[in-house]
Amino acid sequence: MWYLKVDTLLLMLAAAVLFAAGSVIYAHYRPGKTLTPWLILLDLGLLIYVDWKLAVFYIAYTFFSYGLVLAIGRLRTGRKVWFVLFCLLDVAPFFYARMSGLVSWLPSLIVLVGFAYNMLKAMDAVFYVYYTDEKIPFLTYANFLLFFPVLTAGPIFRYRDFLKAYRKPQLLTVNTAEQCVKRLILGLFKKLVLAALLTKALQRVLQMYAHFYVSGALALLSYAILYVDLSGYSDIAIAVISFMGIPVPENFKKPWTAASFTQFWRKWHVTLSDFIREHIFVVVNGKRLNRWISAGIGLLTMLVMSLWHEFSLMALCTGLYMGGLLALENVLGLTTVDKRRTPKALYVFRCLIVLGLFSINAMFFTMSGSQILWAIGGFFKL
């Protein structure tokens, strides 16, 4: 990934610091004015440095997707049909790239690094214009879509949130700079040190004899690896963006404190979960849902999230597993837990159940298929 390449990371940090310093100086001489429209130059420069072919694709996609944003704003008849069609067109390159990896006769495109996140942002812009009838200037849209620090691994900006920060970014202060540096170090430590140590521990445990405690250790190690890996990327991105004075939504909010899977997905990869909930769950039916419909939509949401990560049998299995748990929770009416009214022992027990069941799911991201089957078999060996 780009963040782990020293040269790219240093360039990105240098660009962020340069922009922050320039913003402070510019605000002093031009009060009320910002440099945010010029972010596009930094974004394009970094993209071209990483891969000029990828930069060409993203530039072309920006113009293409912006055309859809303009069109949905101008159409007045058959808007719902056009709305659905434009959303499908936004994600078409993503599905083509995924299918070309599965079907040998389809010519493959360049590796579309980060496109899974970008096509969601492009679709969000279509949603924004469809529901608000507000126009989006091209330069603002280009900055939104190509914002380099969140291009590869999130957090996922929604247009309305980006627009607020874009119009009035916060000037860098000594205190903010100190917090950014600490957050950056934390993210690098998670990704480069903790993830490596935990992965090494996982490989050691895999060499042991199958037993329920061995499988339990593998599940918990998988959970820890997945958490430090993803949250580490988020910490790095948030640190870099905060240098630029742009508030970023948190992506992980102590997920181990969730006492239900509904609560869990509001604490784990929060921006993706919120996006799916707002753009699929709410749009499918904005009214109050009965338990069975909620269960079905929960299952569908988990399948979409899993296949969004990867088109594979493994992803399908994780989607069915997590979706099934979420659906069961909805049917049984266990989606919400009031911490203040629930006995502490019961609340902690439910948190452990959620953590344990998700840890099994985490094994699908850290182990091979044969290793997963071996580990699951170990749960039944006392």
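Just a few scattered comments:
- Per-pair calculated FRET efficiency, R0 = 25 Å: LEU44 and VAL81 via Cβ, rounded to 0.05: 0.15
- Take each peptide in 196-204, 252-260, count the other Cβ atoms within 10 Å of every residue, and average; sorted highest first, the result is 252-260, 196-204.
- Point-to-point label distance, MET99-SER368, nm (Cα→Cβ direction, 7 Å offset): 3.1 nm
- Calculated [θ] (222 nm, deg cm²/dmol) that DSSP helices of n ≥ 4 give over the chain, each run adding -39,500 (n - 2.57): -22500 deg cm²/dmol
- Label point distance in nm, ALA210-LYS135, each placed 7 Å from Cα along Cα→Cβ: 6.6 nm
- Amide H contacts under 5 Å for ILE246, placed H, 5+ residues apart: GLN170
- Between ALA201 and VAL17, the modelled label-to-label distance comes to 3.4 nm, taking each label 7 Å out from Cα in the direction of the beta carbon.
- Among the trypsin sites (Lys or Arg not before Pro) in the range 324-382, those placed in a DSSP loop whose Cβ has at most 13 other Cβ atoms within 10 Å are LYS339, ARG340, ARG341, LYS381.
- Each of GLN371, GLY333, LEU303 was placed along the dipole of the range 270-382 (beta-carbon charges, centred on the mean Cα), and the one lying farthest toward the positive end is GLY333.
- Loop sites in the range 41-104: trypsin sites (Lys or Arg not before Pro), DSSP, at most 15 other Cβ within 10 Å: ARG76
Readers should treat all values here as calculations from the given coordinates under stated rules, not as data from a laboratory. The model shown is predicted, which means the values in this text are computed figures rather than measured ones. Positions of Cβ are backbone-derived with ideal geometry, glycine not excepted, and every protein chain shown enters the neighbour counts.
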